[in-house]
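The values are calculated or read from the model by the stated rules, or taken from the named source; none is laboratory data. A quick note: this is a predicted structure, and the numbers were derived from the prediction, not measured. Because the Cβ atoms are built from the backbone with ideal geometry, glycine has one as well, and the counts that use them run over all protein chains shown. Side chains are part of the model used for accessible areas, which takes the heavy atoms of the whole protein and leaves out ligands, DNA and RNA. Shrake-Rupley method; radii C 1.70, N 1.55, O 1.52, S 1.80 Å.
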Amino acid sequence: MLEGRLLGGAVMMWLLAWRWVIPMGESAIGVNWGTVSFHKLKPSTVVDLLKDNKISKVKVFEAEPEVLKPLMGSGIQVMLGIPNGMLALLSTSPTAADLWLRQNVSAYIGKHGADIRYIAVGNEPFLTSYNGEYQNLVMPAILNLQQSLVKANLASYIKLVVPCNADAYESSLPSQGAFRPELTQIMTQLVQFLNSNDAPFVVNIYPFLSLYDNKDFPQDYAFFEGTTHPVTDGNNVYTNAFDGNYDTLVAALTKLGYGQMPIIIGEIGWPSDGAIGANISAAKVFNQGLLSHVLNNKGTPLRPGAPPMDIYLFSLLDEGAKSILPGGFERHWGIFSFDGQAKYPLDLGLGNKELKNAKNVQYLPPRWCVASPSIDVQNVANHMRIACSVADCTTLGYGGSCNGIGEKGNISYAFNSYYQFQMQDSRSCNFDGLGMITFRDPSVGDCRFLVGVTDKGSDSSVSQTRYQWWVLLPFLIIIQITPSFSL
């Protein structure tokens, strides 16, 4: 035990020294790195992509060893997520909290380790669509994890936060913002905890979703180019949805007595495909407008001269395996496509005037699966349904970049998506003789027929680690609570 304390003390001294060199409150533009994709770049390639673009902060949604290992020694600050599904266990078992921290944080930090600054406890756990499922689990999980951090001598360096969706608060005018009535008590507890531990409030703001979900929402109000529908709130005038939403949160925090609490934008962005209004042009205009707006340091009407601490763009890469229940756009939030290629010029304000592409990406051979010229379109409906139930066909939807390529083009796109998903296995292009392999790129205009990548990250180590975690944990808990008898 003494050896463990000495090691923990040495690690803590090194962490505090690094913190002194890189101030924790330093404002920066970060990104969300999601991994729900059929075509995964090697994590080391992604880390190089971050460094080449001078992105110094990244938010990941769970502790995946294959993601955390390449981040070690990179100098990139990490916000490490805990999925909502783990809150029940962490809220009831201090042992589970200790084990999670030991396996997923302590194992990666230290000299030449990962620079984990925040642990995000849950992901939008107060979302209205969850109907309170996680509401009473958040604070007990936080308190258990905080005790684990204290025992590991990490509580002064790694902060616990809870990324909240903007639906946690509401108001017709920003100055009247308040948390939803059913959340008042838990939000009071949460902000008290955050304040006492020098941690920020993390919120996800999505003007695109406001526009997508409400046909009466003024389109120009979602952007930063000025609007014909400003919101007047006393002496304050709001010309964009971001400022209005942000100040609604400021007002809600003020009502709880914490109007000066630092705020981090955990997620914000604009999709480039998969729905009406989701396109390359709109994504570029929104993201560049956001960055310019925030980096001018003007702040908002309720916080003049004080922009958010940090902003994490959503997201770094497209995730072609995400659920499309909210809409096909869910798979197209990336500022880079799945293969690390920039979708459009974007100045992140970090030194480069535009994005730099991922290097040394190894693609599968340049070949595609398309519909046979003699195909009878009446016989392919079931094959398309099967292909698109497995692979990604969201660009074919209404408003998508491939929506206008015609019936046979739609069939070819579905066939190719499935073919690439199967790593170009020739049998996957059969479709009962309806498909054929071509070496001529069938892409049409903005509709890109993809070619998969060969440097696909293996999930075997992650799956095995998760399996060990869930299998071993009950035994560890039993060992802790079972009385010991001596004969």
Next item on the list: Express as a percent, rounded to the nearest 5, the fraction of DSSP beta bridges in segment 26-334 (both residues included) that run antiparallel.
Entry: 20 percent
Next item on the list: Keeping all protein chains in place, calculate the accessible area per residue for segment 366-436 (probe 1.4 angstrom), answer in Å².
Entry: 47 Å²
Note to self: I need the calculated FRET efficiency for the pair Phe439 and Asp213, taking r as the beta carbon distance and R₀ as 51 Å, to the nearest 0.05.
What the structure shows: 0.75
Note to self: Could you tell me the center-to-center distance, by alpha carbons, between segment 427-455 and segment 248-313 in angstrom?
What the structure shows: 39 Å
Next item on the list: Send over a whole-number figure in Å² for the accessible area per residue of segment 140-184, probe 1.4 Å.
Entry: 36 Å²
Next item on the list: Residues in segment 77-110, backbone N under 15 Å from the label point at Asn136 (7 Å along the Cα-to-beta-carbon vector): list them, ranges by number please.
Entry: 88-89, 91-92
Notebook entry, point to check: Size of the dipole of segment 26-334 about the Cα centre, Lys and Arg at +1 and Asp and Glu at -1 on the beta carbon, nothing else charged, in debye to 20?
Noted result: 820 debye
Notebook entry, point to check: By per-residue mean of other Cβ atoms within 10 Å, what is the highest-first order of 408-418, 30-40, 375-385?
Noted result: 408-418, 30-40, 375-385
Notebook entry, point to check: Considering amide H positions built from the backbone, and no H for Pro or chain starts, which residues 5 or more places from Lys159, or on another chain, come under 5 Å of its amide H?
Noted result: Tyr118, Ile119
Note to self: If the reach is capped at under 20 angstrom between alpha carbons, list the lysines near Lys353, excluding any in the same chain fewer than eight residues apart.
What the structure shows: Lys51, Lys54, Lys57, Lys284, Lys343
Note to self: Less than 16 Å apart at the alpha-carbon level, and either on another chain or at least 8 residues along: which lysines does that give for Lys322?
What the structure shows: Lys40
Check: Considering the dipole of the chain built from charges on the beta carbon (Lys and Arg +1, Asp and Glu -1) around the Cα centre, which of Pro262, Tyr398, Cys164 is farthest to its positive end?
Finding: Pro262
Check: With a sphere of radius 12 Å drawn around the Cβ of Gly34, what net charge do the other residues whose Cβ falls strictly inside it have (Lys, Arg +1; Asp, Glu -1)?
Finding: -2
Check: Which FRET efficiency value, to the nearest 0.05, is calculated for Asn197 and Ile386 with the Förster distance at 56 angstrom and r the Cβ-Cβ distance?
Finding: 0.65
Item checked: Sorted peptide list for 397-406, 128-137, 72-81, criterion being average Cβ within 10 angstrom, highest first -> 72-81, 397-406, 128-137
Note to self: 7 Å from Cα along Cα→Cβ at both Glu354 and Asp220: what's the point-to-point distance in nm?
What the structure shows: 2.9 nm
Next item on the list: List the aspartates and glutamates whose Cα lies under 17 Å from the Cα of Lys151, skipping any in the same chain that are fewer than 8 positions away.
Entry: Glu3, Asp98
Check: Any idea how far the Cα center of segment 115-154 sits from the one of segment 65-84, in Å?
Finding: 17 Å
Next item on the list: Quick one: check the C-alpha center-to-center distance for segment 328-343 versus segment 367-410, whole angstrom.
Entry: 20 Å
Notebook entry, point to check: Considering only protein heavy atoms and a 1.4 Å probe, what is the carbon-and-sulfur percentage of the accessible area of the chain?
Noted result: 55 percent
